[in-house]
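Structure first, then comments.
The values are calculated or read from the model by the stated rules, or taken from the named source; none is laboratory data. Treat the numbers as computed from the prediction; the structure is a model and nothing was measured. When we count neighbours, we look across all protein chains shown, and the Cβ atoms used for this are built from the backbone with ideal geometry, even at glycine. For the accessible areas, the whole protein counts, side chains as well, though only heavy atoms, and no ligand, DNA or RNA atoms are used. Shrake-Rupley method; radii C 1.70, N 1.55, O 1.52, S 1.80 Å.
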Amino acid sequence: MPRETPKNLWRSRWGFLLAATGSAVGLGNIWKFPYITGEYGGGAFVLMYLACILAIGIPVMMTEIAIGRRGRGSPIDAIGRVVRENGGNPLWRAVGGMAMLAGFMILCFYVVVAGWAFAYTWKMLDGSLAASSVEALGGVFEAHNANPWQLGGWSVLVALLTLCIVGKGVQAGVERSLRWMMPGLAVMLLALVGYAFTSGSFKAGFDFLFHFDASKITGEALLAALGHAFFTLSLASGAILTYGSYIPDDQSITRTTFMVVLCDTCVALLAGLAIFPIIFANGMSPSAGPGLIFMSLPLAFQQMPFGTVFGVLFFAMVSVAALSSAISMVEASVAYLNEKHGISRLKAAAASGVVLLLISLLAMLSFNLLAGWTPLGKNVFDWLDFLTSRWMMPLGGIFMVLLAGYALRSEIMRDELGLPPLGYALWLFMVRYVSPVLILMVFLHALGWLGFDPVQRWYWIAGAIGALAVLGEVLRPRIVQVLAER
Ligand code: TRP
């Protein structure tokens, strides 16, 4: 079957790298990673996280990019084409549909959080954060959320910026904007690390992040590390797959994946090195939870020389990171409407924008007018987060590796990945046996159905991987039949 001619391609070799890094680097890196690292025991957690990135993050990302490039299209169409080439069941397109939907749903609450970052950049400047205690800053945060016009205004601003960029196209919108956003992000981050270095508590921050304590290797921490590995790399939400469909044929998927993952991990670690010394230098607690960057940090900046300048810089950095992630969440939907239904990208972005505004409005109002409206026990904001991170991303991940590891003929992936035999065997081993078991475990845990501690019972996991390897090979013709045939 002749290869699909790509409609869009990145203009330069950096295109995909910039875009995928932009998608991966977000609030997950700057806020969540430093904070959960502190909560789960510093260096021990960092080590587990790195292991999870290697064991499932990298193989799954390679898979998504390869499927995107092979199928050359938005998730539904790309998977459809790859499966058709393979002579398989078109139902697999549903996996692409779910991924696309997950990306869009994440966007609906992400614009609210990104709106916080944009608003705080402004508030840092106009003096409304000049409070004398963390409690008072908590009041500022609550007041911001209680006012639907303020909260909504900033979120709508983020949504409009995102839609304009995506509407302009892959090269003229996404690639061009990221060409200055990503270097800008790097410069701001390095400036902040330098500032933290001069704060006097750099060593305390460093030790907090990297002090290794073996007793901190626990099942809870391992599960958190696994879940975060998935989230921070934007996997199973259509973003990486769609961006992958614009990669030129001669670019190495493996090398590119390693670069994206390296950048993502470095940003997470550097963000920790920027935040914790500042927190410690002002005698604050590193485990303040969700309020860490919106309550403790603004106060810390106020107490330091040039604090306002660096405070603005910090929130501007968070805003850029969030915006570059938001772009990738809407790209899949816009690409889908554009390719499948021939709607121009600008119109597709406008149409997505209408749906986005309607749903995210409910998420914004969860904090004020609709605060009491909790259908089935959660408000809309929490539902969007819960459904995507607990159900859709892990399920999408499992189906993605089943597709690549079992349903597709091995030449297809081998062709795309272009790995030497040993590297290919390693990728296949991870995708066929290790990733499904580990993702399933995180999934069951997130639902509260995992009845054991994965660190204490590590041999159960090893056994499950071994059993899958043996059973998977013995029954493979049968599995392939079930998974791949109409
Ligand atoms: N990786 C992003 C972060 O670290 C968050 C994210 C999760 C995401 N899933 C996504 C971004 C899908 C874009 C698309 O903040």
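Can you compute the helix-only [θ] at 222 nm over the chain? Use -39500 (n - 2.57) per DSSP H run of at least 4 residues, normalise by all residues, nearest 500 deg cm²/dmol.
Only helices count here, giving -22500 deg cm²/dmol.
May I ask you to rank 180, 10 by accessible area, largest first, using a 1.4 Å probe over the protein chains only?
Greatest to least solvent exposure: 180, 10.
Largest first, how would 63, 374 line up by accessible area (1.4 Å probe)?
The ordering from most to least exposed comes out as 374, 63.
Run a plain Debye calculation on the stretch 192-278 (Cα atoms as equal point scatterers, no solvent) and give log10 I(q)/I(0) at q = 0.17, 0.26 Å⁻¹, rounded to two decimals, same order as the q list.
-0.90, -1.23
Between residue 135 and residue 122, what is the label-point separation in nm under the 7 Å Cα-to-beta-carbon projection?
That separation, rounded to one decimal, is 2.9 nm.
Go ahead and run the numbers for FRET between residue 285 and residue 180, Cβ-Cβ distance against an R0 of 30 Å, rounding to 0.05.
Using R0 = 30 Å, I get an efficiency of 0.25.
Place a point 7 Å from Cα of residue 460 in the direction of its Cβ. Which residues in the stretch 410-451 have their backbone N less than 20 Å from it?
Answer for this model: 433-451.
Got a sec? Which residues in the stretch 105-142 would a label at residue 309 touch, if it sits 7 Å along Cα→Cβ and we count backbone N under 13 Å?
none
Expected output is a single nm value to one decimal: the length gained when fully extending between residue 142 and residue 449, i.e. 0.36 nm times separation in residues minus the C-alpha distance. What is it?
107.1 nm
Can you list, bin by bin at 10 Å, the percent of alpha carbon pairs in the stretch 111-169, starting at 0?
The percentages, shortest bin first, are 23, 47, 21, 8, 1.
Please arrange 343, 293 by accessible surface area, largest first, computed with a 1.4 Å probe and ligands excluded.
343, 293
Normalised radius of gyration for the stretch 31-158, please: alpha carbon Rg relative to 2.2 N^0.38 Å, two decimal places.
Relative to the rule-of-thumb radius for its length, the stretch 31-158 sits at 1.53.
Rounded, prolate or oblate: which fits the stretch 423-466 when a ≥ b ≥ c are the square roots of the eigenvalues of the alpha-carbon gyration tensor, with rounded for a/c under 1.5 and prolate only if a/b beats b/c?
Here the stretch 423-466 falls in the oblate category.
Got a number for the accessible area of residue 211? Probe 1.4 Å, square angstrom, nearest 10.
Rounded to the nearest 10, the figure is 120 Å².
Could you sort 399-405, 253-259 so that the peptide with the highest average Cβ count within 10 Å comes first and the rest follow in order?
The packing order, highest mean first, is 399-405, 253-259.
With a 1.4 Å probe and all protein chains left in place, how much accessible area per residue does the chain have, in Å²?
Per-residue value: 40 Å².
Within the stretch 243-280, which residues have the backbone N less than 15 Å from the label spot 7 Å out from residue 429 along Cα→beta-carbon, could you tell me?
No residue qualifies, since no backbone N sits under 15 Å from the label point.
Alpha carbons only, please: Rg and Dmax for the stretch 364-486, in angstrom.
So, for the stretch 364-486, Rg and Dmax equal 19.0, 59 Å respectively.
With every protein chain present, what accessible area does residue 207 have (1.4 Å probe, heavy atoms only), rounded to the nearest 10 Å²?
Here the accessible area works out near 60 Å².
Run the simple label-point estimate for residue 84 and residue 410 please: 7 Å along Cα→C-beta, distance reported in nm.
According to this spin-label approximation, the distance is 2.8 nm.
Would you mind calculating the gained length between residue 50 and residue 259 on full extension (0.36 nm times residue separation, minus the Cα-Cα distance), in nm to one decimal?
73.8 nm
Given Cβ point charges of +1 (Lys, Arg) and -1 (Asp, Glu) and nothing else, what value in debye, to the nearest 20, does the dipole of the chain about its Cα centre take?
So the magnitude is around 1140 debye.
Using 7 Å Cα-to-Cβ label points, what is the residue 480/residue 216 separation (nm, one decimal)?
Calculated label separation equals 4.6 nm.
Quick one: what do you get for the stretch 144-229 if you divide its Cα Rg by 2.2 N^0.38 Å?
Dividing the Cα radius of gyration by 2.2 N^0.38 Å gives 1.67.
What's the tally of Lys pairs in the chain whose alpha-carbon atoms lie under 23 angstrom apart, where the two lysines are 8 or more places apart or on different chains?
Final tally of qualifying lysine pairs is 10.
Would you mind listing how long the chain runs along its three principal axes, going by Cα atoms, in whole Å with the largest first?
67, 54, 46
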